[in-house]
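Presented below is the structure to which this report refers.
FYI, it's all coordinate maths here, none of it is from the lab. All values reported here derive from a predicted model rather than from experimental measurement. When we count neighbours, we look across all protein chains shown, and the Cβ atoms used for this are built from the backbone with ideal geometry, even at glycine.
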Amino acid sequence: MSVLDRIGQKLLFSFDPETAHGLSIAALRCGLPVGATAPRDARLPTHDARLKLNLCGLEFPNPLGMAAGYDKNAEVPDALLGLGFGFAEVGTITPLPQSGNSKPRIFRLTADEAVINRLGFNNEGHAAAEKRLAARKGRPGIVGVNIGANKDSADRIADYERGVARFAPYASYLTVNISSPNTPGLRNMQAREQLGELLSRVMAARTAASAQPPVFLKIAPDLVEAELEDIAAEVIEKKIDGVIVSNTTLARTGLRSTTVASEAGGLSGKPLFERSTAVLARMRKLLGPNIAIIGVGGIDSTEAALEKIRAGADLVQLYTGMIYAGPALPGRIVAGMARFAERERLKSIGELRDTGCASWSERL
């Protein structure tokens, strides 16, 4: 991290986490860097042909994306792309606006470079996000839309159907998020019977929509082998385009930040890396070579991103890592990937995929 990034981080860390997040969104909306004044070219994407991937009918300029949870209301996807990301995912967006859980609901675990959140899908709802996404339609850049269900919905599957219908015309891809631990009962939808019905109805809604973007399913890292097998079987049967591994964890193993470690919510950041990567590798084994996987959890460096790819990921995403490493992180990671590809004489970064899958899957 540069000196200027450290100054920016210290400034943002002087605010509570949710206020700091809001300030960073406002800065990006105004065209300012997120809490830093690093040179603009340090955050520009590296355009290297070896980093491009064609996946699910989309051409990604590089494999690094911003994960859902940062730009909940689709306010700054293009500004995020300008930081060096090859794609950005907005949301989670629910049909109706909701305020989420009571505050405080975000906690920094600085010693662990981690965060616990129990936000509860706070967002402005479909209408507000659709207006913003419609305004950017036709612009370049891959922007995925992460859809969810309202906490008090009488039919949560219908909420996902509404999300597909509403955002299919604007989304490069859609993510079905049933893995947040902060909406009571939501993770139960990962059980096979409920999941089968959900995916059937989601894919039918996509077929009926005016556009048919790829559909990804985002899963939790806290699943056991039998649950992963059931999910993989449903994904294959329902012809889902890809899986995102993984959301935040409820585990608290090995944390040093004991003061807030007991707070309820999902843990993200560096401590999530090993478990999420092992689950990713196991899902690759179960899904086979042809279904796309996006690896998320604990990425804070080029080395971590490359390790996700070795474990079986086609693409990777980060969020918490940027809180601790600064806004130049995506540019540094992408540049590091380009240097790695050159050093190893790779024609494509995709050649790295699965080279560590066997060893990682054994860690589960």
> Could you give the length gained on full extension between Thr19 and Val260, defined as 0.36 nm per residue of separation minus the Cα-Cα distance, in nm?
Replying inline: 84.9 nm
> Around Ser262, with a cut-off of 13 angstrom between Cβ atoms, what is the net charge of the other residues, counting Lys and Arg +1 and Asp and Glu -1?
Replying inline: +1
> Which one is right for this structure if volume of the Cα convex hull per residue in Å³ is calculated from it: [x] 151; [y] 124; [z] 136?
Replying inline: [y]
>> Could you tell me the calculated FRET efficiency between Glu59 and Glu227, based on Cβ-Cβ distance and R0 = 25 angstrom, to the nearest 0.05?
In response: 0.15
> Can you tell which of Ala205, Ala149, Ala134 shows the greatest fluctuation in a Gaussian network model of the chain with Cα springs below 10 Å?
Replying inline: Ala134
>> Run the numbers for Arg139 and Ala251: contour at 0.36 nm per residue of separation, minus the present Cα-Cα distance, in nm.
In response: 36.3 nm
>> Multiplying the sequence separation of Arg363 and Lys239 by 0.36 nm and subtracting their Cα-Cα distance, what value in nm do you get?
In response: 41.8 nm
> Of the beta bridges DSSP finds with both residues in the range 46-361, what % are antiparallel, to the nearest 5?
Replying inline: 30 percent
> So, counting K/R as plus one and D/E as minus one, what does the shell of residues with Cβ under 11 Å around Asp159 add up to?
Replying inline: +2
